[in-house]
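The values are calculated or read from the model by the stated rules, or taken from the named source; none is laboratory data. From a predicted model like this one, the values you see are computed outputs, not experimental measurements. Here the Cβ positions follow ideal geometry from the backbone for every residue, glycine too, while neighbour counts run over all protein chains shown. Calculation scope for accessible area: heavy atoms of the full protein, side chains included, ligands and nucleic acids excluded. Shrake-Rupley method; radii C 1.70, N 1.55, O 1.52, S 1.80 Å.
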There are 2 protein chains.
Amino acid sequence: VLAARERIAGHAHRTPIHRSRALDERAGAEVLLKCENFQRVGAFKFRGAYNAISKLGPAERAAGIVAFSSGNHAQGVALAARLHGLRATIVMPTTAPAAKRDATAGYGAEIVPYDPRSADREEVARGIARERPGAAVIPPYDHPDVIAGQGTAALELIEESGGLDALLAPCGGGGLLSGSAIATKHLLPRCRVIGVEPELADDATRSFRSKTLQTVHNPPTIADGTRTPSLGKLTFPLVLSLVDDMVTVSEEAIIAAVRFLFERTKMVVEPSGALGVAALLTGAVRPSGRVGVILSGGNVDGSTFAAIVGG
Amino acid sequence: VLAARERIAGHAHRTPIHRSRALDERAGAEVLLKCENFQRVGAFKFRGAYNAISKLGPAERAAGIVAFSSGNHAQGVALAARLHGLRATIVMPTTAPAAKRDATAGYGAEIVPYDPRSADREEVARGIARERPGAAVIPPYDHPDVIAGQGTAALELIEESGGLDALLAPCGGGGLLSGSAIATKHLLPRCRVIGVEPELADDATRSFRSKTLQTVHNPPTIADGTRTPSLGKLTFPLVLSLVDDMVTVSEEAIIAAVRFLFERTKMVVEPSGALGVAALLTGAVRPSGRVGVILSGGNVDGSTFAAIVGG
């Protein structure tokens, strides 16, 4: 994570920390919001993508990048590849939010759509990579350089916080959560690290409790960043060993958290990004002292955001 | 303005400056966004209200504060009064956005509603003050301490900017614009100061051009912060002498600017707050070099915001 921080310095934003008196009152704690919605491409995913691409060798660079993602990782890889002057091909589900698909194309990546009901995105991506000898597949979470890059957000938050008693991060495939846990346990061994999932996509919570990898299949949660089928080969053991607890929140709680952040902090946060705040507002997590929350992204379609804040 | 800065230090936020590559490209300039949507009460108005209330004497403090406002000044006075331990009574139009009315009540102020079609808000406020000997009326813009407080946002922006070639500020009653102009012309005499109004509420632009005070009556602009009838006795001569130009933008341009800020900067900015960005996106202002834009506030009803970003 420390090496990743050096690699992304000057390329990724060092995002601000925002505070909200209203949130402190509701949570009964001092809450520090790490605003990855203000990160480049609108989400933390740029950190891991840029870090992983920085480490590629000449042959891989020449062959280009292949990635699969429902949205934010796609944008992160597309922009990071462009900044490195590399070709990027992104396998995206036909169900991805239009804002994320359009932005990915806007960064110059080639998009290969697939139907998530009938095809496996990783197989589609690896098939493309096989046709381009040397092409590097940058997966959305299960890769050491991606995990290390994602951990830099927590690193920055802890350094600026003056100490944290707990850290909340959303959990999809576990890249952000495990990277955050690595950074946190290194710097603040006593700080509790808590992952937050939608009830409808609770595979990681069930995996954490049962210590056996559990899966979900296209869960219909509004938090599209957490629709990943399961934790990965790397992220599952990291979550098991470094994360202190996992909690889940309802769809209603996620929507209420996005609306709260709109009304009280004037920030646009996507549903996946609001999971930590949802856990605080519902009391799923009752912290004391100072708690960090990673707002993981802000990429939400206008129509979805309108339905949330206009309701 | 410098004295006001000392008075509000530690009470008002020193708000951040945000950048957007997409906006730089569209504007053809380096654009610095001063984020008063992240100010306390969600708008710059807290600065002037806090500064003015700080200067009251014991008799005025004992009698309490009376103010009139369509929204953000109401919230600013309500919170500043509460922080000083003073009673506040706010005269608000029945047409004020619900978010602004509810927040004002939430800060503990007593709200006196009036119908803007049949009553004059200033007369209502002065009537209340007459019944409470010593009560201070804190007007929304036409007051030296209010103007000085509002100027602190531009002061901070200029200090952190490393120099500006132009500064854009929205104009309702001219408190923010004239305070910004005072600060700017003191620190950067060559920096152009430009006020931005909705076409539908262009009284200040017409006043500026004709050098005679012009008025509007309840203009139906979505930018509710600029529905003031005219510049004031203090702000009109300040605008005439210190502001370099005034421009107007259409309702469509204001809506497009709010949507742009939502999509590309992940910030919630109210229609009045987006006037400067609207002027850049439409080409009403074509700056070169480095331009500062004051995003004056973020207090917008969920239903209004939904109509803008969901459309």
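Only protein heavy atoms count here; on that basis, with a 1.4 Å probe, A:Asp102 has an accessible area of about 100 Å².
Peptides B:44-50, A:16-22, ordered by how many other C-beta atoms sit within 10 Å of their residues on average, highest first, read B:44-50, A:16-22. Its relative contact order, with pairs defined as Cα atoms under 8 Å and 6+ residues apart, puts chain B at 22 percent.
Cα centroids of segment A:96-118 and segment A:216-286: how far apart, whole angstrom? Cα centres, segment A:96-118 to segment A:216-286: 23 Å.
Here B:Lys34 is the anchor, and the lysines within straight C-alpha reach of less than 19 Å, apart from those fewer than 8 places off in the same chain, are A:Lys266, B:Lys45, B:Lys185, B:Lys266.
Label-point spacing for A:Thr212 across the identical copies (point 7 Å from Cα in the Cβ direction), in nm and ascending order: 8.7. Each Cα pair under 8 Å and six or more residues apart adds its separation to the average, and for segment A:1-120 the resulting relative contact order is 19 percent. Listed by chain and number, the aspartates and glutamates placed with their C-alpha closer than 14 angstrom to that of B:Lys211 are B:Asp202, B:Asp203, B:Asp244, B:Asp245; residues fewer than eight positions away on the same chain are left out. Length available on full extension from B:Arg130 to B:Ile17: 0.36 nm per residue minus the Cα-Cα distance, which gives 36.5 nm.
A label point on B:Gly10, set 7 Å along the Cα-to-Cβ line, lies at 4.0 nm from each of its counterparts in the other copies, closest listed first.
When you look at the Cβ of every residue in B:298-311, what mean number of other chain Cβ atoms sits within 10 Å? Each step should come with its number before you reach the end.
Working: counts 5, 2, 4, 3, 9, 4, 2, 8, 10, 2, 3, 10, 10, 3.
Averaged over the peptide's residues, the number is 5.
Distance between the modelled labels on A:Arg209 and B:Asp24, one decimal in nanometres: 4.9 nm (7 Å Cα→Cβ projection). What base-10 log of the normalised intensity I(q)/I(0) is obtained for the protein assembly as shown from the Debye formula, alpha carbons as equal point scatterers, at q = 0.12 Å⁻¹? For the requested q values the scattering log ratios are -1.16. Note on A:51-61: average number of Cβ atoms from other chains within 10 Å of each residue's Cβ is 0.
In this calculation the C-beta distance from B:Ser250 to A:Asp115 is compared with R0 = 51 Å, giving a FRET efficiency of 0.75.
What the Cβ-Cβ distance of B:Ala62 and A:Arg264 gives, at R0 = 30 Å and to the nearest 0.05, is a FRET efficiency of 0.35.
To the nearest 0.05, how large is the calculated FRET efficiency for B:Asn218 and B:Glu123 if R₀ is 22 Å and r is the Cβ-Cβ distance? Don't skip to the answer; put the middle values down first.
Values: r = 16 Å, r/R0 = 0.72.
Efficiency for this residue pair is about 0.90.
What does the accessible area of A:Cys35 come to, in Å² to the nearest 10, when a probe of 1.4 Å is used? Its accessible surface works out to 0 Å², give or take rounding.
Over the whole of B:33-40, what's the average partner chain Cβ count within 10 Å per residue? Rounded to a whole number, please. Provide the component values of the computation, followed by the final result.
On the way: counts 0, 0, 2, 1, 3, 6, 1, 1.
Per-residue shielding by partner chains comes out at 2.
Among the protein heavy atoms of segment B:1-158, carbon and sulfur supply 49% of the accessible surface, probe 1.4 Å, non-protein parts ignored. Dividing the Cα radius of gyration of segment B:1-96 by its Kirkwood radius returns 1.10 for Rg/Rh. Across the identical copies, the 7 Å label point of B:Asp24, projected outward along Cα→Cβ, sits 3.4 nm from its counterparts, in ascending order.
Suppose every K and R has +1 on its Cβ and every D and E has -1 on its Cβ; what is the size of the dipole of the protein assembly as shown about the Cα centre, in Debye to the nearest 20? Mind dumping the intermediate values first?
Details: 68 positive and 62 negative charges, 211 e Å.
Taking the Cα centre of the protein assembly as shown as origin, the dipole is about 1020 debye.
The calculated 222 nm mean residue ellipticity attributable to helices in the protein assembly as shown amounts to -12500 deg cm²/dmol, summing -39500 (n - 2.57) over DSSP H runs of n ≥ 4 and dividing by all residues.
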